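Participant: Below you'll find the structure I mean.
We did not get these values from a lab; they are worked out from the coordinates using the rules stated. Bear in mind that the values here come from a model prediction, so they are computed numbers and not experimental data. FYI the Cβ positions are ideal-geometry reconstructions off the backbone, even for glycines, and counts take in every protein chain you see.
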Amino acid sequence: MTRHFLRDDDLSPQEQATVLELAAEMKAARFAYRPLEGPRSVAVFFDKVSLRTRLSFEAGIAELGGQPIIVDTQATHFGRGESLSDAGKVVSRYVAAMVFRTTGDERLTDLASGVSVPVVNALTDGFHPCQLLADLQTIRERFGSTTNRKLAYVGDAANNMAHSYLLAGATAGMHVRVAGPSGFDPSPAVVSRAAEIAAWTGGSVEVMRDPFEAADGVDVLATDTWTSMGQESDGKDRLTPFRPYQINEKLLAAAASEAIVLHCLPAHRGEEITDEVMDGPQSAVFDQAENRLHAQKALLAWLLAVNAE
Ligand code: CP
Ligand code: NVA
């Protein structure tokens with residue numbers, strides 16, 4: 001069975017730790033690892049726009065000695081009826097790995113079905129697991145370890161980042177709180193899977209309404225846009241229900257005094273996060289963005305190695 005990275009819980013706690021240790025080594029010795037030397041190619045497909053994911057994969061694949069092939073899928077047959085399963089089987093004959101940013105998670109699993117090269121989730125409507133590897137790397141850098149650290153994610157608790165914080169945070173042994181307004185709750189299936197993982201790792205998961213209760217004493221305070229890609233014209237009023245969940249100096253004051261603030265970016269300054277917090281001393285958002293590069297390089301190297309065994 002080919003090992004893929006389609007959701008955060010595709011890595012066991014031990015495997016996640018191994019990837020994060022490799023990410024730290026790759027950051028310290030940036031150009032020392034070249035498992036894609038040849039070069040071997042990696043195809044990176046985008047159904048949705050991107051800045052960080054696109055450039056960090058393109059630079060990272062090149063740094064690993066490989067050839068990135070970046071594809072905006074509207075220039076392909078993806079959007080006009082070619083089966084993604086057929087497309088995956090074709091492209092896997094050309095490349096060492098595939099990376100895909102798309103809408104529904106079933107599009108990603110279709111691409112990955114029956115292929116013998118690893119497939120990586122570069123963001124779906126359900127999850128953003130590469131982002132979480134970067135977030136966890138940042139937390140390890142600041143606190144030495146993730147074990148027993150408390151993290152609160154406030155805002156859209158129904159989106160991909162909320163789901164990935166639940167699964168990846170539980171895998172990392174963290175105490176994860178997710179708080180959002182009524183109508184924007186996480187998937188019950190994801191919450192129960194995260195609780196199951198937390199029971200093995202010594203972490204915990206809690207879903208709550210009150211952002212101040214969530215932020216109380218945490219080491220990491222995280223948020224994301226209130227309007228994810230594809231939701232721009234769904235007709236829902238988001239500003240009114242989400243306003244109490246803004247990360248501002250008052251909410252940050254409820255966290256631990258050494259707390260760091262994370263945001264996967266792009267930020268909508270003045271909505272989910274204020275300028276004062278984004279640009280303040282507790283913000284780790286640019287280290288977090290940098291770590292996309294190192295964490296994804298480590299993930300690709302690890303996936304290529306385990307699939308070669
Ligand atoms: N955080 C993140 O995935 O950013 P992009 O949408 O720019 O890739
Ligand atoms: N939740 C956001 C994350 C962007 C990186 C989105 O899906 O648009």
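Participant: Given the options 169, 114, 66, state which has the largest fluctuation in a GNM of the chain using a 10 Å cut-off (strictly under) for Cα springs.
Facilitator: 114
Participant: Counting Lys and Arg as +1 and Asp and Glu as -1, what is the net charge of the other residues whose Cβ lies under 9 Å from the Cβ of residue 56?
Facilitator: Numbers: positive: 52, 54, 292, 297; negative: 58, 290.
It works out to a net charge of +2.
Participant: Hey, with R₀ at 30 Å, roughly what FRET efficiency would residue 18 and residue 206 work out to, going by the Cβ-Cβ distance, to 0.05? Working shown, then result.
Facilitator: On the way: r = 28 Å, r/R0 = 0.93.
It comes to 0.60.
Participant: Hey, another quick one. Let me check the size of the stretch 94-186 from its C-alpha atoms; what are the radius of gyration and Dmax in Å?
Facilitator: In order Rg, Dmax, the Cα atoms of the stretch 94-186 give 14.9, 46 Å.
Participant: List the relative contact order of the stretch 39-84 as a percent without decimals, with contacts defined as Cα pairs under 8 Å and 6+ residues apart.
Facilitator: Relative contact order of the stretch 39-84: 47 percent.
Participant: What value, in deg cm²/dmol to 500, does the helix sum -39500 (n - 2.57) over DSSP H runs of n ≥ 4 give at 222 nm once divided by the residues of the chain? Intermediate results must be reported in sequence, preceding the final value.
Facilitator: Details: 12 runs with 127 residues, N = 309.
The per-residue figure over the chain is -12500 deg cm²/dmol.
Participant: Using Cα centres only, tell me the gap between the stretch 26-95 and the stretch 235-295 in whole Å.
Facilitator: Cα centroid of the stretch 26-95 versus Cα centroid of the stretch 235-295: 29 Å apart.
Participant: List nothing, just return the count: lysine pairs in the chain, 8 or more apart or interchain, with Cα separation under 23 Å. Provide the component values of the computation, followed by the final result.
Facilitator: Values: 27/297; 48/89; 48/236; 48/297; 150/250.
Taking the chain as the scope, the lysine pair count is 5.
Participant: Can you tell which of 168, 284, 29 shows the greatest fluctuation in a Gaussian network model of the chain with Cα springs below 10 Å?
Facilitator: So, out of 168, 284, 29, the one fluctuating most is 29.
Participant: Still on this structure, I have one more. Relative contact order of the chain, please, whole-number percent, based on alpha carbon pairs below 8 angstrom and at least 6 residues apart. Walk me through the intermediate numbers first.
Facilitator: Numbers: 628 pairs, mean separation 61.8, N = 309.
Normalised by residue count, the contact order of the chain is 20 percent.
Participant: Suppose the Debye formula is applied to equal point scatterers at every Cα of the stretch 126-256; what is log10 I(q)/I(0) at q = 0.17 Å⁻¹?
Facilitator: -0.83
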